[in-house]
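Engineer: I have a structure here, written as structure tokens, and I will follow up with some questions on it.
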Amino acid sequence: METYDPQAIEAKWQQVWEAERAFYTDDPEPGEQREKFYMLEMLPYPSGDLHMGHVLNYTLGDVLTHFRRRQGLRVLRPMGWDSFGLPAENAAIREGGHPREITERNITNIERQMHRLGWAIDWDRVIAAHDPAYYRWTQWLFLRFFEKGLAYRKESPVNWCPNDQTVLANEQVIDGRCERCGAVVEARKMEQWYFRITAYADALLEDHATIDWPARTITIQRNWIGRSEGAELLFRVGELDVDVAVFTTRPDTVFGATFFVLAPEHPLVDTMVERSPHGEEIREYVRHAMARRGEERSGAEEKTGVDTGFTATNPATGEEIPVWVAEYVLMEYGTGAIMAVPGHDERDREFAETFGLPVREVIDEEAGVLVESGDFSGRSVEKGKEAIVEWLGSLGRGRPAVSFRLRDWSFSRQRYWGAPIPIVYCEKCGMVQVPDDQLPVLLPEVEDYRPRGKPPLASNEEWLNVPCPSCGGPAQREADTMDTFVDSAWYFLRYCDPRNEEAPFSRELVDFWMPVDQYVGGIDHATGHLLYSRFFVKVLSELGMVGFREPFARLFHQGWVRQGGTKMSKSRGNVTAPDQLADMYGADAVRLYILFVGPADQDMDWTEEGVEGIARFLRRLWRIVHEAAPADGSEDAGDGPLVRKAHETIAKVSDDIVRRFVFNTPIAAVMELVNELGRDPSARGARFAAETAVSLIQPYAPHIAEELWAALGRERLWEQPWPVADSSKLERQTFELVIQVNGRVRDRVEASVNESEAELVERALASRRVQAHLDGKEVRQTIVVPGRLVNLVV
């Protein structure tokens, strides 16, 4: 028996797989009926080396890839690089190189690491966001959204990172800080590009019912979208001759509105600054308020504000009420303006008490009826709501409305490393699309790509100044670039048809492969990438480019890998790279350990000592299988204990992967089988047990599995059908009887499958632990579930 040499074995089989193109996937034949399986993990940022968090993610996907292939499915498992955007650019800044040079160097190294770990990937389908062959189609899709009115530009308050010198979407701001660099985010007013994702808010909510996603993720998205039903009421600011809309879920309290409040970012505030005698005071207040984050503002104990000197007309009472600007009102909610009802809102009351504003109660809370509400007094709250909205509607001052917390997606960035936006600005023609046949608009070279408070692309005059595509006159290109979330909102579609030069993808191919059958990635993308991808697919469906409305049929969130008690990440610098561990213990040991250490959906603590333990198991597996190889053949294995144990293990591993979707317990089950086999490797059924153990461990440790399969006289395990348990070998003569008292488990005992219900009750009553809990009380009822439990009700 040769010594187990993991490094030599792994290099050998990686060469074999590549030479035989073992994991490359052909496109389907016309009319093909073979079932497909699209396995996908979120594509990585090539901003550094892989770490053990990546190993968890992609090994998990690898297990499913091997498992589904061996079940006979046509499996697509591609790879790509989220290579544009802040992570890659910041990595280049840290290292003092050009983003393209640093990114492509990292890609080369990460791809080497992936090959070293033996992941089953179709390397013919690689895409990279920074490749002009890819971002040509990102730009093309932008133009389709622009033509549909779903991409637009407007001035608005934005989140500005003073360190990264760029605009951030709301999803990229965590607790008031930039999610990338941790700097405190500021508020600024700027012209920005937006996608009109709010037009799909209802569809994004409704279609949750069609996908198999974790309940927690769906809840996060539902809360982020924040659908509320209520009414839109118009308050008139007569001195400015404008109606200001407010959204409220409590139109029944409109008679109690005693003042009116605008968010500092509300567009009407600029007009008030110009027209009000308190203009400078308002301007100064707004400047300070906008520097604070929404969470701080809305939750601040001390209420601050400034009186604008203007009044608004309460549409219900006709009363002129003062208009204030206050930081506790946010543009992200409703319309950025509120009717303040201090009699029935805690924050409004605190504000009113601070500034001596009137408080009026219009609901009798004990009786649940309206009071001091004109003709509506005495009505119940619910009936009052409907009647008041109907009445104000007849006056043209109100209507039923739905509001969303969701805001349109801000995607333009004042950074270099991103896809240029294919728009030019002409004094004569205005905003003009770059024609499709002039795509891609290539990212130009610039002398200094580092952020300086303005778009770096604007420094390249030759690139910036171009003829207008419409009239031929002088024009300027858009100097902002697209955020990398645009790149990742459709990459999974390009994988289906990665070399298409006539379109971003063929509908025939995406309709065959999509939706993704199993998507794996972090829950931190719930309100960013996962929401944006769903939006993109819905738009593409309406454009007739795809025949489905959801991109990811099933979603799984892996846990975080921690080191030293902290989440492992490149940005924190606390990472363990897999290369050194693979050189020490072998790639199979690294793969096995990262899935064995605990449930894949829970956080786990990384320790190198655990890899050594798994390496010992693999050496033991190597020895025992070689010892069992000369034993009796699997075709005549009989029905001994080892054979039954092998079939039980097949059933356990298959059920855990398919139904329970857990990945650590199958490894433990194979370990148990190997332990049984190790007691007597020459026993009857030993060879069958050895073959079973090798076959079942193959998705986890494919290199040693192939080598042992060959040692057993067989070939190409990666193509062999997944083993199926013989149900006749699974029939057991005993089972674990759970005994409950009043529904609570009090004991577990072995019982015969042949015992009657009466005998099972007798066994339950005979249990000493049960007798202690009965304490002489009369058993009023017995509930028996055959083969499972007895519940004694006292």
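Engineer: State whether the residues of the range 46-65 include one that is among the hydroxyl-bearing types (Ser, Thr, Tyr), touching a strand residue (DSSP E or B) at 6+ places or on another chain (Cβ under 6 Å), in contact (Cβ under 8 Å) with a residue 12 or more places away in the chain and assigned to a strand (DSSP E or B).
Structural biologist: Of all residues in the range 46-65, those among the hydroxyl-bearing types (Ser, Thr, Tyr) come to 47, 58-59, 65.
Applying the additional criterion that residues be touching a strand residue (DSSP E or B) at 6+ places or on another chain (Cβ under 6 Å) yields 58, 65.
Subset that is in contact (Cβ under 8 Å) with a residue 12 or more places away in the chain: 58, 65.
Next, from what is left, pick out any that are assigned to a strand (DSSP E or B): none.
No, the range 46-65 has no match at all.
Engineer: Another question, if that's okay. Would you say residue 365 is farther than 19 Å from residue 321 by Cβ and open to solvent by 80 Å² or more (accessible area, probe 1.4 Å)?
Structural biologist: yes
Engineer: Among the residues of the range 240-272, which ones are assigned to a helix (DSSP H, G or I), within 27 Å of residue 288 (Cα to Cα) and either among the β-branched types (Val, Ile, Thr) or more than 36 Å from the chain's Cα centre (by Cα) (or both)? It would help to see each step written out before you state the result.
Structural biologist: From the range 240-272, those assigned to a helix (DSSP H, G or I) are 240, 251-256, 267-272; that's our starting set.
Those still in the list that are within 27 Å of residue 288 (Cα to Cα) too: 240, 267-272.
Within the range 240-272, 240, 268, 269, 270, 271, 272 qualify.
Engineer: Across the range 25-65, what is the total count of residues that are in contact with a Ser or Thr (Cβ under 8 Å, 6 or more places away or on another chain), closer than 16 Å to residue 561 by Cβ and open to solvent by less than 10 Å² (accessible area, probe 1.4 Å)?
Structural biologist: 1
Engineer: Six or more apart or on different chains, Cβ atoms under 7 Å: show the pairs whose first residue is in the range 661-674 and closer than 9 Å to residue 598 by Cα and of a type outside the set (Lys, Arg) and whose second is part of a helix (DSSP H, G or I) and open to solvent by 10 Å² or more (accessible area, probe 1.4 Å).
Structural biologist: 664/596
Engineer: Could you check how many residues of the range 675-684 are of a type outside the set (Ser, Thr, Tyr), touching a residue at least 40 places away in the same chain (Cβ under 8 Å) and open to solvent by 10 Å² or more (accessible area, probe 1.4 Å)? I'd like the intermediate steps shown before the answer.
Structural biologist: In the first step, residues of the range 675-684 are kept if they are of a type outside the set (Ser, Thr, Tyr); the result is 675-681, 683-684.
Pick out the ones that are also touching a residue at least 40 places away in the same chain (Cβ under 8 Å) and you get 677-678, 681, 683-684.
With the extra rule that they be open to solvent by 10 Å² or more (accessible area, probe 1.4 Å), the set shrinks to 678, 681, 683-684.
Selection size over the range 675-684: 4.
Engineer: Looking only at the range 115-129, decide whether some residue is buried (at least 19 other Cβ atoms within 10 Å of the Cβ), closer than 23 Å to residue 412 by Cα and out of contact with any Pro (no Cβ under 6 Å at 6 or more places or on another chain).
Structural biologist: yes
Engineer: Do we find a residue being open to solvent by less than 50 Å² (accessible area, probe 1.4 Å) and in contact with a Phe, Trp or Tyr (Cβ under 6 Å, 6 or more places away or on another chain) anywhere in the range 767-784? It would help to see each step written out before you state the result.
Structural biologist: At the first step, the residues of the range 767-784 found to be open to solvent by less than 50 Å² (accessible area, probe 1.4 Å) are 767, 770, 774, 779, 784.
Among the residues that remain, those that are also in contact with a Phe, Trp or Tyr (Cβ under 6 Å, 6 or more places away or on another chain) are: none.
Within the range 767-784 (the criterion being open to solvent by less than 50 Å² (accessible area, probe 1.4 Å) and in contact with a Phe, Trp or Tyr (Cβ under 6 Å, 6 or more places away or on another chain)), the answer is no, since none of the residues qualifies.
Engineer: Pull up the range 541-559, narrow it to residues that are closer than 20 Å to residue 64 by Cβ and in contact with a Lys or Arg (Cβ under 7 Å, 6 or more places away or on another chain), then point me to the one that is most open to solvent (accessible area, probe 1.4 Å).
Structural biologist: 550
Engineer: Would you be able to tell me the number of residues in the range 336-375 that are hydroxyl-bearing (Ser, Thr, Tyr) and either within 15 Å of residue 317 (Cβ to Cβ) or modelled with pLDDT under 95 (or both)?
Structural biologist: Filtering the range 336-375 for residues hydroxyl-bearing (Ser, Thr, Tyr) gives 354, 373.
Then drop every residue that is not either within 15 Å of residue 317 (Cβ to Cβ) or modelled with pLDDT under 95 (or both), which leaves 373.
Matching residues across the range 336-375 total 1.
Engineer: If you don't mind, there's one more thing I want to ask. Write out, first by first residue and then by second, each pair whose Cβ atoms fall under 7 Å of each other, whose residues are 6+ apart or on separate chains, and whose first residue, in the range 132-155, is in contact (Cβ under 8 Å) with a residue 40 or more places away in the chain while the second is hydrophobic (A, V, I, L, M, F, W, C) and exposed (fewer than 15 other Cβ atoms within 10 Å of the Cβ).
Structural biologist: From the range 132-155, the pairs are 132/442; 144/543.
Engineer: Filter the range 169-202 down to residues that are modelled with pLDDT of 80 or more and closer than 13 Å to residue 412 by Cβ and give me whichever is surrounded by the fewest Cβ atoms within 10 Å (Cβ to Cβ).
Structural biologist: 191
Engineer: Residue by residue through the range 599-631, note down the ones that are more than 28 Å from residue 684 (Cβ to Cβ), modelled with pLDDT of 95 or more and in contact with a Leu (Cβ under 7 Å, 6 or more places away or on another chain).
Structural biologist: The answer is 614, and nothing else.
Engineer: Could you tell me which numbered condition residue 112 fails, if it satisfies all but one of (1) in a helix (DSSP H, G or I); (2) open to solvent by less than 40 Å² (accessible area, probe 1.4 Å); (3) within 24 Å of residue 703 (Cα to Cα); (4) of a type outside the set (Phe, Trp, Tyr)?
Structural biologist: Going through the list (1) in a helix (DSSP H, G or I); (2) open to solvent by less than 40 Å² (accessible area, probe 1.4 Å); (3) within 24 Å of residue 703 (Cα to Cα); (4) of a type outside the set (Phe, Trp, Tyr), residue 112 breaks only (2).
Engineer: Any residue at all in the range 316-324 that is more than 27 Å from residue 294 (Cβ to Cβ) and crowded, with 16+ Cβ neighbours inside 10 Å?
Structural biologist: Among the residues of the range 316-324, at least one is more than 27 Å from residue 294 (Cβ to Cβ) and crowded, with 16+ Cβ neighbours inside 10 Å, which makes the answer yes.
Engineer: Given the structure, is residue 1 under 26 Å from the mean Cα position of the chain (by Cα) and modelled with pLDDT under 95? I'd like the intermediate steps shown before the answer.
Structural biologist: Working: under 26 Å from the mean Cα position of the chain (by Cα): no; modelled with pLDDT under 95: yes.
Against the criterion (under 26 Å from the mean Cα position of the chain (by Cα) and modelled with pLDDT under 95), residue 1 does not qualify.
Engineer: Just give me the residues in the range 1-17 being touching a residue at least 60 places away in the same chain (Cβ under 8 Å), closer than 14 Å to residue 115 by Cβ and of a type outside the set (Phe, Trp, Tyr), in sequence order.
Structural biologist: Taking the range 1-17 first, the residues touching a residue at least 60 places away in the same chain (Cβ under 8 Å) are 1, 4, 6-7, 9-10, 12-14, 16-17.
Among the residues that remain, those that are also closer than 14 Å to residue 115 by Cβ are: 7, 10, 12-14, 16-17.
Selection gives 7, 10, 12, 14, 16.
Engineer: What's the total number of residues in the range 373-398 that are under 12 Å from residue 232 (Cα atoms) and open to solvent by less than 30 Å² (accessible area, probe 1.4 Å)?
Structural biologist: Final tally of qualifying residues: 4.
Table: residues versus (1) within 35 Å of the chain's Cα centre (by Cα); (2) touching a residue at least 60 places away in the same chain (Cβ under 8 Å).
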position: 293; (1), (2): yes, yes
position: 300; (1), (2): yes, no
position: 309; (1), (2): no, no
position: 315; (1), (2): no, yes
position: 323; (1), (2): no, yes
position: 337; (1), (2): yes, yes
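Engineer: Could you list all residues from the range 506-540 that are under 21 Å from residue 147 (Cα atoms), of a type outside the set (A, V, I, L, M) and open to solvent by less than 10 Å² (accessible area, probe 1.4 Å)?
Structural biologist: Of everything in the range 506-540, those that are under 21 Å from residue 147 (Cα atoms), of a type outside the set (A, V, I, L, M) and open to solvent by less than 10 Å² (accessible area, probe 1.4 Å) turn out to be 532, 533, 534, 535, 536, 538.
Engineer: Sticking with this structure for a sec: Touching a residue at least 12 places away in the same chain (Cβ under 8 Å), in a loop (DSSP other than H, G, I, E, B), crowded, with 19+ Cβ neighbours inside 10 Å and aromatic (Phe, Trp, Tyr): is that true of residue 328 in this structure?
Structural biologist: Working: touching a residue at least 12 places away in the same chain (Cβ under 8 Å): yes; in a loop (DSSP other than H, G, I, E, B): yes; crowded, with 19+ Cβ neighbours inside 10 Å: yes; aromatic (Phe, Trp, Tyr): yes.
Yes, satisfied.
Engineer: I'd like to verify a number: residues in the range 281-324 that are in a helix (DSSP H, G or I), aliphatic (A, V, I, L, M) and either at pLDDT below 90 or under 30 Å from residue 371 (Cα atoms) (or both), how many? Break it down stepwise before answering.
Structural biologist: Narrowing the range 281-324 to residues in a helix (DSSP H, G or I): 281-290, 294-299.
Retained after the next criterion (residues that are aliphatic (A, V, I, L, M)): 282, 286, 289-290.
From what is left, the residues that are either at pLDDT below 90 or under 30 Å from residue 371 (Cα atoms) (or both) are 289-290.
Here the count works out to 2.
The values are calculated or read from the model by the stated rules, or taken from the named source; none is laboratory data. Treat the numbers as computed from the prediction; the structure is a model and nothing was measured. Using ideal geometry, Cβ is built from the backbone for each residue, glycine included, and neighbour counts are taken over all protein chains shown. The accessibility values were calculated without ligands, DNA or RNA, using every heavy atom of the protein model including side chains. Shrake-Rupley method; radii C 1.70, N 1.55, O 1.52, S 1.80 Å.
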